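To start, the structure itself, in structure tokens.
The values are calculated or read from the model by the stated rules, or taken from the named source; none is laboratory data. Just so it is clear, the structure is predicted and the values come from calculations on it, not from any experiment. Ideal geometry is used to build each Cβ from the backbone, glycine not excepted, and the neighbour counts take in all protein chains shown. Heads up: the accessible areas ignore ligands, DNA and RNA and are worked out on the full protein's heavy atoms, side chains in. Shrake-Rupley method; radii C 1.70, N 1.55, O 1.52, S 1.80 Å.
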Amino acid sequence: MKIILAFLFIAPLALSARAEKDYSSSDSAAPPETKSRFAMLDDVRILANGLLQLGHGLKDFVHKTKGQMNDIFEKLYIFDRSFYELSLQTSEIKEEEEQLRQTTARLQINNEEIKNLSQEMNSKIEDLIQNKIQLQEKVWGLEDKVTKLAIIQPSMQETKEISSLKAFVEQQDNHIKQLLKIVEDQHVQLNRQHNQIMELEDKLNHMELQELAENSFMGEQTEPEAVPFAVRNATAVTYKSDGAAPDCTALYNSGMQSNGVYTIKPNGSEAFDVYCEMKFGSSWTVIQNREDGSLDFNQTWDAYTNGFGDLNEEFWLGLNKTYSITKQGDYILRIELQDWKDNKRYIEYAFSLGGPETDYTLQLSRISGSIPNALPEQTELRFSTADRDMDVLNDFSCPENYLGGWWHSECEETNLNGKYVAPRSRGRLDRRKGLYWKPKKGRYYLLKSTKIMIHPTDLKSFD
């Protein structure tokens with residue numbers, strides 16, 4: 001476009017200069033007048049032809065540009081309309097959710113009122129039943145008197161007394177029947193409202209799980225990509241090492257450099273199998289793995305002490321085995337988390353693990369990570385299970401209420417051995433019993449998979 005404008009500006013100047021040159025030359029050289037006129041006409045024709053072609057080109061360019069702009073405006077209109085429709089749908093969903101919450105609150109209030117009314121009516125019915133029993137005893141006594149007086153003609157006053165008592169008993173019976181009918185109606189209404197409340201709780205539970213699943217790690221700092229390690233065999237296979245390797249790192253240094261199940265023998269301990277994972281140019285010993293909820297982690301103290309599960313799938317290595325490894329020296333604890341949008345994060349701690357005499361007390365000190373910390377630091381955390389709770393605060397048992405054994409402190413809301421909860425799970429939602437990562441000043445992260453590993457602190461690079 002700039003070239004075209006420059007041409008339009010220069011062309012008249014060139015034409016004028018040419019005319020002046022021809023005129024001056026005609027004056028000096030005095031050529032024939034006819035020849036000079038024809039030369040100027042040829043130049044004008046050439047310039048006019050060029051301008052005409054340029055005008056056609058500009059016209060085509062303008063038409064093409066208009067068509068492209070119309071296409072852009074049409075796409076913008078479609079985008080604006082789609083965005084507006086999405087906004088309307090979002091608003092409707094929020095309004096429906098708020099209505100459901102309000103309806104649930106009202107039904108719960110009504111339910112409490114009906115329960116209180118039912119208790120009052122049951123109390124009145126019990127009183128009426130007692131009165132009825134007393135009246136029946138009186139009637140039986142009167143019947144005995146009537147039987148005894150059958151031979152003797154009763155007096156007028158006694159006859160009136162008997163009639164009034166019979167009428168009173170019949171009136172009380174009718175009143176009791178009416179109350180029983182009211183109680184039955186109230187029970188039917190209570191059952192109906194209870195079913196409605198359960199349905200609404202299921203809907204709210206589903207919506208809340210969807211919201212938790214939407215809480216992804218995308219808002220947090222991403223984990224740096226590690227240098228991939230060349231694994232010779234990705235299939236988990238059990239290997240028997242010739243020597244007595246104390247952990248997976250020693251196995252790696254001896255040449256065992258594939259992911260899989262190996263046998264190790266820590267110093268002063270019996271030999272046992274572990275799962276070794278190659279990472280960052282070394283091998284880590286995995287002490288916990290959860291990936292699909294196929295294994296129930298709500299186990300006893302003995303199970304958490306000795307370990308449970310399949311080392312090739314979901315498992316807990318065992319507190320006693322983990323302690324036999326970590327008592328050999330200083331180790332790093334690495335926790336890897338994955339949410340339901342397949343975003344992965346990690347956090348690493350320097351840690352110490354006590355023995356069975358301390359109930360496997362854990363102390364943590366954060367080193368690095370890509371997610372906010374959710375576990376207490378510089379605090380002695382005793383391991384607890386539902387059948388052996390070491391930290392009962394205010395008569396509130398954390399393992400019993402949270403499910404799964406863990407290092408609890410003031411019953412915090414992070415428990416990587418809690419119940420596996422999928423976004424489409426049904427039933428009443430109880431966040432205390434789910435598999436979550438919950439920083440103290442952050443939101444809940446519903447987890448899809450977790451992995452806990454340990455490695456000696458002599459690892460050169462693990463970022």
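Residues that are outside any loop (DSSP other than H, G, I, E, B) and at pLDDT below 80 do not occur anywhere in region 417-425. With respect to (1) of a type in the set (Ser, Thr, Tyr); (2) open to solvent by less than 60 Å² (accessible area, probe 1.4 Å); (3) outside any helix (DSSP H, G or I), the lone exception for SER324 is condition (3). Only one entry of ILE367, ILE335 meets the criterion of being out of contact with any Pro (no Cβ under 8 Å at 6 or more places or on another chain), part of a strand (DSSP E or B), among the hydrophobic types (A, V, I, L, M, F, W, C) and without any contact (Cβ under 8 Å) to a residue 40 or more places away in the chain, and that entry is ILE367. Scanning region 266-290 for residues that are open to solvent by 30 Å² or more (accessible area, probe 1.4 Å), modelled with pLDDT of 95 or more and charged (D, E, K, R) yields a count of 1.
Matching residues to (1) touching a residue at least 60 places away in the same chain (Cβ under 8 Å); (2) within 24 Å of ILE176 (Cβ to Cβ); (3) open to solvent by 100 Å² or more (accessible area, probe 1.4 Å):
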{"position": "THR65", "(1), (2), (3)": "no, no, no"}
{"position": "PHE73", "(1), (2), (3)": "no, no, yes"}
{"position": "ARG81", "(1), (2), (3)": "no, no, yes"}
{"position": "LYS94", "(1), (2), (3)": "no, no, yes"}
{"position": "ARG101", "(1), (2), (3)": "yes, no, yes"}
{"position": "GLU126", "(1), (2), (3)": "no, yes, yes"}
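When the residues of region 103-124 are filtered to those that are β-branched (Val, Ile, Thr) and closer than 20 Å to VAL183 by Cα, the one that is most open to solvent (accessible area, probe 1.4 Å) is ILE109. When region 309-321 is limited to residues that are surrounded by fewer than 20 Cβ atoms within 10 Å (Cβ to Cβ) and touching an Asp or Glu at 6+ places or on another chain (Cβ under 9 Å), the one that is nearest to PHE272 (Cα to Cα) turns out to be LEU311.
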